[in-house]
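A.B. asks: This is the structure, below, for whatever I ask next.
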Amino acid sequence: MPIIVSLDERSYPIYISPQSLHRTGELLIDIGGKGKVLIVSNPVIFRHYGEIVFTALITLGFEVQTCILPAGERYKNLKTIERIYQHCAQYRLERRSTIIALGGGVIGDMAGFAAATWLRGINFVQIPTTLLAMVDAAIGGKTGVNHAQGKNLIGAFYQPKAVVIDPNVLQTLPVREYRSGMAEVIKYGVIWEPELFNLLESQPQLSQYRYLATQDLEKILYFSCQTKATIVSQDEREGGIRALLNYGHTIGHAIETVTQYRYYTHGEAVALGMIAAGDIAVQLGWWSKDEQSRQKQLIANVKLPIQLKPDIDLEAIKLALNWDKKVVQGAVRFILPKKIGQAAMTDQVPPDVIHQALICLIAQ
Ligand SMILES: NC(=O)c1ccc[n+]([C@@H]2O[C@H](COP(=O)([O-])OP(=O)(O)OC[C@H]3O[C@@H](n4cnc5c(N)ncnc54)[C@H](O)[C@@H]3O)[C@@H](O)[C@H]2O)c1
Ligand SMILES: O=C(O)C(=O)C[C@@H](O)[C@H](O)[C@H](O)COP(=O)(O)O
Ligand SMILES: [Zn+2]
């Protein structure tokens, strides 16, 4: 049974099943897809999985074209979106046509934004190929690109018609990207799901995909996708509870922007952001030193970074915080943990507390 993101007429299924890539055609028919399909991907991912998806669609009568974009966060911008539009125009995509994102969060965010805006919205399906995109980016309808001033500043809420997760594709995922996805999994454990946190803590080896037993990976995928689906179903446009999903992102996004996406993957920056947010929470008396060390230990067990490179300009990070989308009337708002499985938002964090958390992040 798929997990459902429940949003009235915009509700959609998340299928998690090995070999589901081979069933892309049937799944697309199930959700009413017909006619033209544009697969948006990058060269590495398309080399691994493009043909499977292409064939699955062609054999069921779809008219399939491809749009292969350069890989990397630094291409997540409006210039690349224009390339997708060129393909949409060249292949005359119509309102009933479908864009399929075959890739990680970068491809998903961009393909989704193009789908949201081409002809003011055409069908969109997510086939995430990174752990991070499976558990987070492909679900919930946040689409968009970066701007020179900051991360994801341009975008739209636009839900996919389905999310198709084939865990087998993780076999080719580079280990650094697997770890990056684990950061968002840890996030769910801290903000929402203590059982997931305990499951992660109980793993003897978390740092590589191949060390995880199949049933544990399945549980991790289900817990994570279910958590995201539950939160998004309650608050599609981040008017309230959805902001919890931004745990670790306030400082994480600032780190990514200031370092121009060169040093850290998104998940690595979020891991650092969670440690800093946890430290702020300790300073404010929101959560215990003991829970902060459990969080830090888990992050370290995954072999995600727990320290910021010393040459990074802390003042620049503090300035970049002002571009966070949660800012209200100039006040930066943080998601802070209260206990494992519970977090809340506050705009009452004194500047010296933020400064101290950043200093701690460097000097450990
Ligand atoms: N929309 C959302 O809700 C949301 C949530 C979280 C993150 N994001 C965004 O997602 C992006 C990060 O996504 P990501 O971590 O998936 O990184 P990514 O999309 O950059 O992919 C990472 C790398 O893995 C490679 N790759 C992907 N799948 C592969 C596979 N199966 N085998 C081999 N190589 C593979 C890609 O070519 C790429 O080089 C960021 O831009 C972030 O802002 C969005
Ligand atoms: O889905 C959400 O809501 C999230 O915040 C998930 C985050 O992991 C993700 O990185 C998201 O893109 C960040 O959103 P933003 O609004 O801060 O750009
Ligand atoms: Zn994220």
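A.B. asks: Convert each backbone phi in the stretch 138-151 into a coupling constant with the Karplus relation 6.51 cos²θ - 1.76 cosθ + 1.60 (shift: θ = phi - 60°), then list the ³J(HN,Hα) values in order as whole Hz, x for Gly and Pro.
C.D. replies: Once rounded to whole Hz, the list reads 6, 10, x, x, 7, 10, x, 9, 7, 10, 3, 6, x, 6.
A.B. asks: For the stretch 305-317, what does the Karplus curve 6.51 cos²θ - 1.76 cosθ + 1.60, with θ = phi - 60°, yield as ³J(HN,Hα) per residue in whole Hz, taken in order and with x for Gly and Pro?
C.D. replies: Going residue by residue, I get x, 10, 10, 7, 4, x, 7, 8, 7, 5, 5, 5, 5 Hz, with x marking Gly and Pro.
A.B. asks: Net charge near P70, counting Lys/Arg +1 and Asp/Glu -1 over other residues with Cβ under 12 Å of its Cβ?
C.D. replies: +3
A.B. asks: Rounded, prolate or oblate for the chain? Axes are the square roots of the Cα gyration tensor eigenvalues, ordered a ≥ b ≥ c, and the cut-off for rounded is a/c under 1.5.
C.D. replies: Because a/c hits 1.5 or more and a/b exceeds b/c, the chain counts as prolate.
A.B. asks: Let me ask something else about it. How much length is gained if the chain between M345 and Y222 is pulled fully straight, taking 0.36 nm per residue apart and subtracting their Cα-Cα distance, in nm to one decimal?
C.D. replies: So the chain would gain 41.7 nm between M345 and Y222.
A.B. asks: Starting from the Cα of I29, step 7 Å along the direction of its Cβ; do the same at T230; then give the gap between the two resulting points in nm.
C.D. replies: 3.6
A.B. asks: Still on this model: Let me know the charge dipole size of the chain about its Cα centre in debye, to the nearest 20, where only the beta-carbon of Lys, Arg (+1) and Asp, Glu (-1) is charged.
C.D. replies: With only Lys, Arg, Asp and Glu charged at Cβ, the dipole is about 580 debye.
A.B. asks: Place a point 7 Å from Cα of Q260 in the direction of its Cβ. Which residues in the stretch 320-364 have their backbone N less than 18 Å from it?
C.D. replies: Answer for the stretch 320-364: 320.
A.B. asks: Enumerate the residues in the stretch 204-235 having an amide nitrogen under 16 Å from the point lying 7 Å beyond the Cα of Q297 toward its Cβ.
C.D. replies: 204-207
A.B. asks: Could I ask something else about it? What's the ranking of 66-72, 4-10, 186-192 by average number of surrounding C-beta atoms within 10 Å, highest first?
C.D. replies: Result, highest mean Cβ count within 10 Å first: 186-192, 66-72, 4-10.
A.B. asks: Going by a ≥ b ≥ c, the root eigenvalues of the Cα gyration tensor, does the stretch 265-364 fall in the rounded group (a/c under 1.5), the prolate group (a/b larger than b/c) or the oblate group?
C.D. replies: Oblate, because a/c is 1.5 or more while a/b does not exceed b/c.
A.B. asks: What is the distance, in nm, between label points placed 7 Å from the Cα along the Cα-to-Cβ direction at H48 and at F157?
C.D. replies: Spacing of the two 7 Å Cα→Cβ label points: 3.2 nm.
A.B. asks: Taking only Cα atoms, what is the 0 to 90° angle, nearest 10, from helix 289-301's long axis to the longest principal axis of the chain?
C.D. replies: The two axes meet at around 40 degrees.
A.B. asks: Against the longest principal axis of the chain, how steep is helix 78-90, in degrees 0 to 90 to the nearest 10, with axes from Cα atoms?
C.D. replies: Rounded to the nearest ten degrees, it is 10.
A.B. asks: Please report how far the C-alpha centroid of the stretch 239-290 lies from that of the stretch 46-121, rounded to the nearest whole angstrom.
C.D. replies: After rounding, the separation between the Cα centres reads 31 Å.
A.B. asks: Can you give the local net charge around W287? Use residues other than it whose beta-carbon is closer than 13 angstrom to its beta-carbon, Lys and Arg +1, Asp and Glu -1.
C.D. replies: That sum, taken over residues with Cβ under 13 Å, equals +2.
A.B. asks: Calculate the FRET efficiency for H355 and H147 from the Cβ-Cβ distance with a Förster distance of 22 Å, rounded to the nearest 0.05.
C.D. replies: Calculated value: 0.25.
A.B. asks: Where the Cα atoms of the stretch 3-172 are projected onto their three principal axes, how long is each span, largest first, in whole Å?
C.D. replies: Here the Cα extents, ordered largest to smallest, are 42, 37, 34 Å.
A.B. asks: Hey, another quick one. How charged is the neighbourhood of V353? Take every other residue with its Cβ under 13 Å from the Cβ of V353, and add Lys/Arg as +1 and Asp/Glu as -1.
C.D. replies: Result for the local shell: -2.
A.B. asks: According to the square roots a ≥ b ≥ c of the eigenvalues of the Cα gyration tensor, what is the shape class of the stretch 185-310, taking rounded for a/c under 1.5, prolate for a/b larger than b/c otherwise, and oblate for the remainder?
C.D. replies: Rounded.
A.B. asks: Sticking with this structure for a sec: As a test of the formula, what do you get for the chain when each DSSP H run with n ≥ 4 contributes -39,500 (n - 2.57) and the sum is divided by the residue count, at 222 nm and rounded to the nearest 500 deg cm²/dmol?
C.D. replies: The helix contribution divided over the chain gives -12500 deg cm²/dmol.
A.B. asks: Write out the trypsin sites (Lys or Arg not before Pro) in the stretch 310-364 meeting two conditions: DSSP loop, and at most 13 other Cβ atoms within 10 Å of their Cβ.
C.D. replies: none
A.B. asks: Run the simple label-point estimate for A89 and L7 please: 7 Å along Cα→C-beta, distance reported in nm.
C.D. replies: The two pseudo-label positions are separated by 2.8 nm.
FYI, it's all coordinate maths here, none of it is from the lab. All values derive from a computational prediction rather than experimental measurement. A quick note on method: Cβ atoms are made from the backbone with ideal geometry, for glycine too, and the neighbour counts reach across all protein chains shown.
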